[in-house]
Amino acid sequence: MSSASLQSHLVFKLMTAALAVAGSVVLLIALTRLIPGDPATVILGSRATPETVAALNARIGLDKPLQMQVLTFFSRLIVGDLGQDVFNDRPVLQLVAAALPNTVALAISAMLLAIAIGVPLALISAHRPGGRIDRLIAFVSVGFISTPSFVVSVFLLMIFSVKLGWFPVLGAGQRGDTLDQLWHLVLPTLALAAGWVGYIARLLRSSLLEVLSESHIRTLRAYGVSEAKILIKYTLKPAVLPTIAVLGMGFGELLGGAVFAEVIFNRPGLGSLIYDSIRTRNYPVVQGGVFVIVLLYVLTNLVAELSQTLTDPRERSRLARKSEP
């Protein structure tokens, strides 16, 4: 694959990512304006005068047409301004920056746990496809995939925190106490990772079986190489490559799914910040928080797709053929 074709592919992906982010912002601003009730009246209370309501609407830009609100948001975004919190006049960027590390830590821990459990399950399933263990893993995986993370969160909270008392009920742990913070992270991580454990297991199993059917694997078997060595040394690496893009998408979805986990487990994070801001009609914080989640989702997908293109020979060959006249 030539550098010119790679460069054009990169430019195309960057333009697509920018359009996706811009479209999401426009849609977000339009949807927030459709929420019933006047935000200024909700914020100020029923006894607010028409003058104070009009002043607050002007302050947060709700007195302008929708297209002007969109242009104002993007013009501020260029200089890194996501707006001001309606209640305490703090910069939204400051609030998001303080909440984001907790959400990212939760998403990363959930993805690492899903990989740590999903990959061995895929190897076990691919070792004897169609066997009892393979069917059992398939049943469990589908069950995990089809169960929403907020349902798993409530179940884990009621069983292991409320009834058994093994884990803390709410919160993120005492600040400065790493062990306590990790202990508070266990149940939210399990809740978020459950669905992706099954997804990674089924996806990687299919990829493993595809690689195992290739001719060089039959040659290795003919030379007497053990099945376990074939799976781990010769099959796992090429089978993982097609799942890289899916893992990027999965990390973005975990960031979105963290909203439910943070609300249910009362954890400080971007999800809780957005949820509280929606309840209080704090639109600048809602827009800033959702924008950051969308941006991270698009960027993780972009990085995953480009990584797959650079590491997978089949993707490079496909791109080279596509660029030929």
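The values are calculated or read from the model by the stated rules, or taken from the named source; none is laboratory data. Owing to the predicted nature of the structure, the values given are computational and were not obtained by experimental measurement. Neighbour counts run over all protein chains shown; Cβ positions are idealised from the backbone, glycine included. These accessible areas exclude ligands, DNA and RNA; they are computed on the full protein's heavy atoms, side chains included. Shrake-Rupley method; radii C 1.70, N 1.55, O 1.52, S 1.80 Å.
A few notes on this one:
- Of the residues making up region 269-278, just one is over 17 Å from the mean Cα position of the chain (by Cα) and either assigned to a loop (DSSP other than H, G, I, E, B) or crowded, with 23+ Cβ neighbours inside 10 Å (or both), namely SER277.
- Flag for ALA114 being modelled with pLDDT under 85, under 25 Å from the mean Cα position of the chain (by Cα) and not aromatic (Phe, Trp, Tyr): no
- When GLY224, GLY256, GLY288 are checked against the criterion of being among the small types (Gly, Ala, Ser) and not in a helix (DSSP H, G or I), a single residue qualifies: GLY224.
- For region 78-118, a tally of residues being under 14 Å from GLY198 (Cα atoms) and surrounded by fewer than 17 Cβ atoms within 10 Å (Cβ to Cβ) returns 2.
- Tally of residues being among the small types (Gly, Ala, Ser) and more than 28 Å from VAL79 (Cβ to Cβ) across region 93-106: 1
- Residue within region 149-171 that is part of a loop (DSSP other than H, G, I, E, B), touching an Asp or Glu at 6+ places or on another chain (Cβ under 9 Å) and either surrounded by fewer than 20 Cβ atoms within 10 Å (Cβ to Cβ) or not hydrophobic (A, V, I, L, M, F, W, C) (or both) present: yes
- Any chance ALA97 is under 23 Å from ARG267 (Cβ atoms) and either at pLDDT 85 or above or in contact with a strand residue (DSSP E or B) (Cβ under 9 Å, 6 or more places away or on another chain) (or both): yes
- Selected residue (only one of ARG281, ARG314, ARG321 is open to solvent by 70 Å² or more (accessible area, probe 1.4 Å), modelled with pLDDT under 80 and in contact with a helix residue (DSSP H, G or I) (Cβ under 9 Å, 6 or more places away or on another chain)): ARG314
- Condition broken by PRO129, with the remaining ones in (1) open to solvent by 50 Å² or more (accessible area, probe 1.4 Å); (2) assigned to a helix (DSSP H, G or I) satisfied: (2)
- Test set (1) at pLDDT 70 or above; (2) of a type outside the set (D, E, K, R); (3) open to solvent by 60 Å² or more (accessible area, probe 1.4 Å); (4) over 30 Å from LYS237 (Cα atoms) - ILE264 fails condition number: (3)
- Test: residue in region 221-241 that is modelled with pLDDT of 75 or more, over 22 Å from VAL152 (Cα atoms), open to solvent by less than 50 Å² (accessible area, probe 1.4 Å) and of a type in the set (Gly, Ala, Ser): yes
- Exclusive hit being open to solvent by 60 Å² or more (accessible area, probe 1.4 Å), of a type outside the set (S, T, N, Q) and modelled with pLDDT of 80 or more, set LEU34, LEU136: LEU136
- Hits in region 172-220 (condition: modelled with pLDDT of 75 or more and not in a helix (DSSP H, G or I)): SER213, GLU214
- In region 144-168, the residues that are within 10 Å of LEU187 (Cα to Cα) and free of Cβ contacts under 8 Å to residues at least 40 places away in the same chain reach residues that are assigned to a helix (DSSP H, G or I) and open to solvent by 80 Å² or more (accessible area, probe 1.4 Å) with C-beta atoms within less than 9 angstrom, at least six apart or across chains, in these pairs: PHE167/TRP183; PRO168/TRP183.
- Taking first residues from region 82-93 that are under 18 Å from GLN69 (Cα atoms) and partners that are basic (Lys, Arg) and open to solvent by 10 Å² or more (accessible area, probe 1.4 Å), the Cβ contacts under 9 Å between residues at least 6 apart in sequence or on separate chains come to LEU82/ARG76; GLY83/ARG76; GLN84/ARG59; GLN84/ARG90; VAL86/ARG59; VAL86/ARG281.
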